[in-house]
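Visitor: I'd like to ask some things about the structure below.
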Amino acid sequence: MMITAVVLWLVALIFIIITLKNIIVRTVKKRRCTEVTTGVISDVKEFVRRRHNYVTREYIPTVTYTVNGEEYSKIYTKAYHSGTYTVGQTVEIMYNPSKPAEINKKGMSNKTDIVMLIIGIAIGLIGVAVMIAG
């Protein structure tokens, strides 16, 4: 039982550390990237991953935008559905006014991060319960 509890704690710790890192990165990006401009999707690359019999597809767009007369092209937020981004589509970009090449591709919402944090905490609590019961 002790080994099971330790494994659960390690899994919980990994969930919590990764989630806290994501929350911190998102918070920093939201603080730095305060200006808004319109960008145009200039390219969309499809990545196919195969694991055993399961196939996932990711669509990684490149967004091109102009700030103070200078053009920038950056990788934008990936999607999991082919129709999410199309070349020529306009999107709103949040960028750092001090460093316009920095954009917030993490977005504003951290609902997924909070769910993952709750899952990590729950796994940790299950580990405690397993240790107490054992």
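Coordinate-derived values only; no laboratory data. Bear in mind that the values here come from a model prediction, so they are computed numbers and not experimental data. Cβ: placed from backbone, ideal geometry, glycine included. Neighbour counts: every protein chain shown.
Visitor: Please list the non-local residues whose amide H lies under 5 Å from the amide H of VAL44, H modeled 1.01 Å from N, same-chain partners needing a gap of 5 or more.
Guide: THR62
Visitor: Next up: Enumerate the calculated ³J(HN,Hα) couplings along the range 60-67 in order (Karplus 6.51 cos²θ - 1.76 cosθ + 1.60, θ = phi - 60°), each rounded to whole Hz, writing x wherever the residue is Gly or Pro.
Guide: Using θ = phi - 60°, the values come out as 10, x, 10, 10, 10, 8, 10, 10 Hz.
Visitor: Give me the one-decimal nm value for the distance between modelled label points at THR86 and ILE14, 7 Å along each residue's Cα-to-Cβ direction.
Guide: It works out to 4.1 nm between the two label points.
Visitor: Given the peptides 39-45, 77-83, arrange them by the average over their residues of other C-beta atoms within 10 Å, most packed first. The partial results should precede the final answer.
Guide: Details: 39-45: 16.6, 77-83: 11.6.
Ranked from most to least packed, the peptides come out as 39-45, 77-83.
Visitor: Sticking with this structure for a sec: Which cross-chain or sequence-distant (5 or more) residues have an amide H under 5 Å from the amide H of VAL67, H modelled 1.01 Å from N in plane?
Guide: It is TYR72, by chain and number.
Visitor: Work out the FRET efficiency for THR64 and MET2 from their Cβ-Cβ distance, taking R0 = 41 Å, and round it to the nearest 0.05.
Guide: Details: r = 56 Å, r/R0 = 1.36.
Calculated transfer efficiency: 0.15.
Visitor: With +1 on each Lys and Arg Cβ and -1 on each Asp and Glu Cβ, and nothing else charged, work out how big the dipole of the range 34-95 is about its Cα centre, in Debye to the nearest 20. Don't skip to the answer; put the middle values down first.
Guide: On the way: 7 positive and 7 negative charges, 119 e Å.
Approximately 580 debye in magnitude.
Visitor: Can you tell me the 0 to 90 degree angle between the C-alpha axis of helix 111-133 and the longest principal axis of the chain, rounded to 10?
Guide: Around 10 degrees separate the two axes.
Visitor: Residue farthest toward the positive end of the dipole of the chain, with Cβ of Lys/Arg at +1 and Asp/Glu at -1: which of MET1, MET94, GLY39?
Guide: Result: MET1.
Visitor: Amide H of GLU102: which non-local residues (sequence gap of 5 or more, or other chain) have their own amide H closer than 5 Å, using H built in the peptide plane?
Guide: Counting only residues 5 or more places away or on other chains, the set is ASN96.
Visitor: If you don't mind, there's one more thing I want to ask. May I ask you to derive the relative contact order of the range 34-95, considering only C-alpha pairs under 8 Å and at least 6 residues apart, and to give it as an integer percent?
Guide: Working: 123 pairs, mean separation 27.5, N = 62.
Reported as a whole number, the value is 44 percent.
Visitor: Whole-Hz ³J(HN,Hα) for each residue in the range 39-47, computed from phi via Karplus 6.51 cos²θ - 1.76 cosθ + 1.60 with θ = phi - 60°, x for glycine and proline: what do you get?
Guide: x, 10, 5, 9, 6, 9, 9, 9, 10
Visitor: Under unit Cβ charges (Lys, Arg +1; Asp, Glu -1), what dipole magnitude, rounded to 20 debye, does the chain have relative to its Cα centre?
Guide: So the magnitude is around 280 debye.
Visitor: Could you tell me the calculated FRET efficiency between LYS99 and VAL40, based on Cβ-Cβ distance and R0 = 22 angstrom, to the nearest 0.05?
Guide: Values: r = 21 Å, r/R0 = 0.94.
Efficiency for this residue pair is about 0.60.
Visitor: May I ask for the angle, rounded to the nearest 10°, between helix 2-32 and the longest principal axis of the chain, with both axes built from Cα atoms and the value confined to 0 to 90°?
Guide: It is inclined by approximately 20 degrees.
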